[in-house]
């Protein structure tokens with residue numbers, strides 16, 4: 001019997017084809033806007049956009065861990081700090097050029113994540129979260145007693161190294177912006193491609209039910225550990241860039257749970273966990289709130305907490321989740337949806 005796809009199934013297929021083009025179009029628009037921003041904006045505006053891109057990247061990485069892998073980490077500041085300190089050490093003590101020093105800092109994060117995963121992956125749930133925080137505290141205390149890394153006083157980046165990246169401030173800010181832009185764009189693209197792959201599907205299956213996933217032959221431990229190590233590498237890269245902008249670091253600033261984990265959690269919760277679009281929305285909301293209330297001291301943190309609670313109560317899937325629910329649209333569709341297949345016989349078909 002000859003059959004063809006008609007009606008709702010056909011329209012659903014067309015909608016899937018249209019949504020498949022959305023990520024490419026969005027990333028292309030990002031690239032165009034990035035090039036235009038680097039060419040037209042002044043140094044202050046570029047610095048603000050660079051900070052936004054840094055937090056966007058950190059939020060995407062944490063969302064990959066918690067939203068897609070089900071690994072709630074409150075110790076990502078460990079890799080930010082290790083990446084920053086490694087970058088400073090390679091650039092100052094070993095006289096490695098800044099860009100290669102950033103990459104070497106990422107490798108330090110890779111090695112640290114590999115070692116840490118051997119211990120913390122023995123833990124589950126809340127114990128895993130506490131374990132990641134303990135790892136970060138161990139890193140902080142270790143760095144603070146190493147004289148080569150400045151001990152408790154920290155380290156500074158010499159002006160001679162900074163000038164190798166550009167003679168003037170505008171030139172350096174353009175370079176910082178382009179570096180942050182490339183990191184953010186590559187991170188988003190790789191996460192999308194990974195989540196659309198068989199490994200991404202396996203990762204979400206392990207998140208939803210580890211026992212059921214393992215019964216289907218999925219090695220949940222291996223794929224989660226792989227994601228954790230990759231996120232450690234990328235987070236250390238971002239950490240090096242953060243302190244390249246700041247030019248100075250101390251142990252408390254490098255391993256700050258507020259700056260590099262709590263704010264990132266807020267961004268993901270506000271935008272929507274388990275969705276690539278969520279950190280985009282959360283980053284914009286976070287920086288708007290920071291611009292409005294950062295001068296109010298501790299009240300600013302109270303406002304962030306209230307906003308987070310309100311969103312969790314009335315939009316548990318985040319602001320983008322709420323929008324997606326209303327519009328049935330996803331900019332980065334990674335979920336597999338079971339659609340009803342309505343088959344109708346062709347008018348000229350024979351049975």
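Check off (1) in a helix (DSSP H, G or I); (2) over 28 Å from residue 222 (Cβ atoms); (3) touching a residue at least 40 places away in the same chain (Cβ under 8 Å) for residue 165 and give me the number that stays unchecked. Single failed check for residue 165: (1).
Among the residues making up the range 21-35, those that are surrounded by 13 or more Cβ atoms within 10 Å (Cβ to Cβ) and over 15 Å from residue 49 (Cβ atoms) are 22, 23, 26, 27. The single condition from (1) on the phi > 0 side of the Ramachandran plot; (2) touching a strand residue (DSSP E or B) at 6+ places or on another chain (Cβ under 9 Å) that residue 166 fails is (2). Does residue 106 satisfy being touching a strand residue (DSSP E or B) at 6+ places or on another chain (Cβ under 7 Å) and assigned to a helix (DSSP H, G or I)? No: the conditions fail for residue 106.
From 95, 143, 119, grab the single residue that is surrounded by 13 or more Cβ atoms within 10 Å (Cβ to Cβ) and not in a strand (DSSP E or B). Talk me through it step by step, then tell me what you get.
Details: 95 fails: surrounded by 13 or more Cβ atoms within 10 Å (Cβ to Cβ); 119 fails: surrounded by 13 or more Cβ atoms within 10 Å (Cβ to Cβ).
Of 95, 143, 119, the one residue that is surrounded by 13 or more Cβ atoms within 10 Å (Cβ to Cβ) and not in a strand (DSSP E or B) is 143.
If you go through the range 170-178 one residue at a time, do you hit one that is in a loop (DSSP other than H, G, I, E, B), more than 23 Å from the chain's Cα centre (by Cα) and surrounded by fewer than 19 Cβ atoms within 10 Å (Cβ to Cβ)? Spell out the reasoning first.
So in the range 170-178, the residues in a loop (DSSP other than H, G, I, E, B) come out as none.
Looking for residues that are in a loop (DSSP other than H, G, I, E, B), more than 23 Å from the chain's Cα centre (by Cα) and surrounded by fewer than 19 Cβ atoms within 10 Å (Cβ to Cβ), one finds none in the range 170-178, hence no.
Among the residues making up the range 188-200, those that are farther than 14 Å from residue 31 by Cβ and crowded, with 16+ Cβ neighbours inside 10 Å are 191, 192, 194, 195, 196, 200.
None of the figures in this text is laboratory data; all of them are computed from the coordinates on show. Everything numeric in this text was worked out from a predicted model, so none of it was measured. Positions of Cβ are generated from backbone atoms using ideal geometry, with glycine treated the same way; all protein chains shown enter the neighbour counts.
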